[in-house]
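Heads up, the thing below is written out as structure tokens.
The values are calculated or read from the model by the stated rules, or taken from the named source; none is laboratory data. As the structure is a prediction and not an experimental result, all values here were calculated from the model. Note: ideal-geometry Cβ built from the backbone for every residue, glycine included; neighbour counts use all protein chains shown. Please note that ligands, DNA and RNA were not included when accessible areas were found on the heavy atoms of the full protein model with its side chains. Shrake-Rupley method; radii C 1.70, N 1.55, O 1.52, S 1.80 Å.
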Amino acid sequence: MILQQSPYILYSDGKGNIFEDTSLYTVGRAGWDAFPIPTEEWIELPDGGNLYELPGRKGIGIDVKTGEMRLCEKGWAVAAFIPPAHTGLYIAAYETEKDAPTLPLFCYTAAGWLDDKFYVPAVRIEKDIRQECAGYDAAKIETGTQHLLQAYPHNRLVKHLMENCCMTYNCPAARNFSLGRWECPVPTSPACNANCIGCISFQPEEETIVSTQDRLTFKPKAEEIVEFTVPHLVSAPYPIVSFGQGCEGEPLLMWETIREAIIEIRKHTPNGSININTNGSKPSAVRALCEAGLDSIRVSTNSARKSIYTPYYRPNNYQFEDIVESLKVVRSYGGWASINYFVFPGMTDTVEEYEALRKLIQETDLSMIQWRNFNIDPDWYLGQIGVTETGEMLGVKQLMDLIHEEFTQVKFGYFNPPIERIKGNYESAFAGAELYA
Ligand code: SF4
């Protein structure tokens, strides 16, 4: 449904209470600038979304009477955290006061209110329902957790996944593992060879923000990995086992153990997909994993440009060209290659980035773009990578349309596809496909 007008701006009283201000329409931010949002780009805030008050920040809106842009002086600005499977098209627009605290590692999409509903400028980019919040039954998760802990009493990884990831961090992937379905996470690496500014598993002491989860503290053995992944691949619907999770460093630093595990897994079952989420830093290790039977790779990046990638990832002993090479290696083995593309309106949709993305797709024969919301304080991010000017913008929606038109073979989504989707009917072989039939 296309809205007939822009939604009104939201503000908070600083005590967690949120109100609408009907004297101002909401605008969106891209880069360092504020823009009116086309009415056709608003959707209702999807189930599982949250609203955040932004301390030390005043919202920017368009005066309903004068049409002028001005600040909402009634309280703090408000933004939306939109749930997985949806990509935000504009960041919340606000003015930041001098002593405002750095915001934690979440995404801050624009949000508004109209006719008793919350709205966000976003698109549903992924049909797969694996992380729909309505699909998580707490009692079944608790039962599944106890079952796995009893089934694998000596397995440190199952203990970590169930006690930390599932029951403490509420990790969607770990909860799906406890429910015996879809993508099962397999963290392996306590260390990393990058120093991402917005790392979700490690933040330096001197930073005011904290990582959203702690890194694994041990190096699992291949036997520990094989013990629970084989039963998952054999019995789960649309089964995937994924190395490289938010609660660890870089899995390629553990490639020998992962290779050993893949070889052993494939001795027991041909089922499902074996995937690795990675920073792509070691193409030779990726080649060894492909030789062993790796099916798919997802390389994370904030940009298709080396000049934007390097100041964010701050890589140790590797460089941007290595991550490109890792994507090419997997494609050369006929594997599925995705980028985990951190979408930042005003950076991702610049003409320069668009040209670089086109080049990356052509050079790597990329299979998929996972259009992920960038979980980071916008001012802090641009400040840390030294971006004061962002260049000509296309709009995230238009960027997606241009890429889709030119590269029809490149799939858009938010999650790693199961082997049934990779090898079978992409449009119908995924969790929840029956909902679209
Ligand atoms: S590659 Fe991952 S684990 Fe390593 S610093 Fe970046 S976000 Fe953190």
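Being farther than 21 Å from residue 338 by Cβ and within 13 Å of the ligand (Cβ to nearest atom) is a property that holds for residue 213.
Scan region 233-260 for residues that are in contact (Cβ under 8 Å) with a residue 60 or more places away in the chain, more than 16 Å from the ligand (Cβ to nearest atom) and open to solvent by less than 60 Å² (accessible area, probe 1.4 Å) and jot them down. Selection gives 239, 240, 257. Summed over region 273-317, the residues that are open to solvent by 20 Å² or more (accessible area, probe 1.4 Å) and part of a loop (DSSP other than H, G, I, E, B) give a count of 8. Which of the residues belonging to region 3-37 are touching a residue at least 60 places away in the same chain (Cβ under 8 Å), part of a loop (DSSP other than H, G, I, E, B) and more than 18 Å from residue 108 (Cβ to Cβ)? Those that are touching a residue at least 60 places away in the same chain (Cβ under 8 Å), part of a loop (DSSP other than H, G, I, E, B) and more than 18 Å from residue 108 (Cβ to Cβ): 3, 5, 6, 13. Within region 161-170, the set of residues being surrounded by fewer than 21 Cβ atoms within 10 Å (Cβ to Cβ) and either on the phi < 0 side of the Ramachandran plot or within 16 Å of the ligand (Cβ to nearest atom) (or both) comprises 163, 164, 167, 168, 169.
If only residues of region 108-136 that are more than 23 Å from the chain's Cα centre (by Cα) and open to solvent by 30 Å² or more (accessible area, probe 1.4 Å) are counted, the one that is nearest to residue 427 (Cα to Cα) is 117. Scanning region 348-387 for residues that are farther than 30 Å from residue 213 by Cα and out of contact with any helix residue (DSSP H, G or I) (no Cβ under 8 Å at 6 or more places or on another chain) returns 350, 351, 352, 355, 356, 359, 362. Taking residues in region 181-206 that are open to solvent by less than 20 Å² (accessible area, probe 1.4 Å), and partners anywhere that are small (Gly, Ala, Ser) and within 7 Å of the ligand (Cβ to nearest atom), the pairs with Cβ atoms closer than 6 Å and at least 6 places apart or on different chains are 189/249. Filtered by the rule that a residue be touching a Leu at 6+ places or on another chain (Cβ under 7 Å) and within 30 Å of residue 382 (Cβ to Cβ), region 322-347 gives 324, 327, 337, 339, 345. Examine region 330-338 for a residue that is of a type in the set (Val, Ile, Thr) and closer than 15 Å to residue 308 by Cα, and state whether such a residue exists. So far as region 330-338 goes, no, none of its residues is of a type in the set (Val, Ile, Thr) and closer than 15 Å to residue 308 by Cα.
Screening residue 338 on (1) farther than 18 Å from residue 411 by Cα; (2) open to solvent by less than 10 Å² (accessible area, probe 1.4 Å) shows it passes everything except condition (1).
Residues in region 12-21: is at least one surrounded by 19 or more Cβ atoms within 10 Å (Cβ to Cβ) and aromatic (Phe, Trp, Tyr)? No - not one qualifying residue is present in region 12-21. What do you reckon, is residue 192 in a loop (DSSP other than H, G, I, E, B), of a type outside the set (Val, Ile, Thr), touching a helix residue (DSSP H, G or I) at 6+ places or on another chain (Cβ under 6 Å) and within 7 Å of the ligand (Cβ to nearest atom)? Against the criterion (in a loop (DSSP other than H, G, I, E, B), of a type outside the set (Val, Ile, Thr), touching a helix residue (DSSP H, G or I) at 6+ places or on another chain (Cβ under 6 Å) and within 7 Å of the ligand (Cβ to nearest atom)), residue 192 does not qualify. Of the residues that sit in region 295-310 and are more than 22 Å from residue 284 (Cβ to Cβ) and away from the ligand (no atom under 13 Å from the Cβ), which one is nearest to the chain's Cα centre (by Cα)? So, considering only residues that are more than 22 Å from residue 284 (Cβ to Cβ) and away from the ligand (no atom under 13 Å from the Cβ), the one nearest to the chain's Cα centre (by Cα) is 303.
Those helices (runs of 4 or more DSSP H) of region 366-437 in which at least 1 residues are farther than 18 Å from residue 312 by Cβ and outside the structural domain of residue 107 (by TED's automatic domain parsing), considering only elements entirely within it, cover 396-406, 419-423.
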